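Note sheet for the following structure.
Readers should treat all values here as calculations from the given coordinates under stated rules, not as data from a laboratory. Just so we're clear, the structure is a prediction, and the values are computed from it rather than from any experiment.
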Amino acid sequence: MPRLSVADCEALLRVIEAHQMPTSDSLRVAARLRRRLEQAVRSEASSGPSSARSPAPDHGEVRSCTLHVCTSCRSPGSPREPREHRLGFILHEKLCMALEDQPLQRRVEVRSAECLSVCPRPCGIALSSPGSWTYLFGDQHPGESVHDILECVSHYLEAIDGFMPRAERPKPLRASILGRVPPSRRDSDRVESGRI
């Protein structure tokens, strides 16, 4: 897919912003496109023609993320020990195994979390990446959720700033969302300046 030039992006923004009845979705897309355009212009200006940086791939910047999995999660009434019997621990292991030899593996760090405080809605997972939205989900099950979680991670990585509208998440992860947190301004500034 060819990349859009700065002029093409600016023309698209003018069309979106000039629409007589803009929707909240079109305004959000325009704002995200404007931020991305500003980042690209700043990046080009700072790298200059003599830069030793590698050119970005045609599909845009390759981001990575951390998938946090609560390894303390267990079904109600089940014992805490042994740890290997906890649903959260099993989910963590299954996600690690599912990522083996997958292209997504180099972009995702699966990290165990001692507790994500979603005890009434086990198993809990969270997605995070510097300068991006952070998501918290509950109700994940090692026998049913692995494919949907990895599909969600894939969507998260492709989103410009990690923002995933409800309709873009796999269906099981629409109802199980417990919260999302916008990127901190500090992270966004550090990402834009290349300090992360």
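Pull out a ≥ b ≥ c, the square roots of the eigenvalues of the alpha-carbon gyration tensor of segment 97-146, then state rounded if a/c is under 1.5, prolate if not and a/b is larger than b/c, and oblate in the remaining case.
oblate
Compute the projected area of the convex hull of the Cα atoms of segment 59-130, averaged over all viewing directions, and report it in nm² to one decimal place.
5.6 nm²
Can you tell me how much longer the chain between Glu158 and Glu84 gets when fully stretched, taken as 0.36 nm per residue apart minus their C-alpha distance, in nm with one decimal?
Stretched out fully, the Glu158 to Glu84 stretch lengthens by 23.3 nm.
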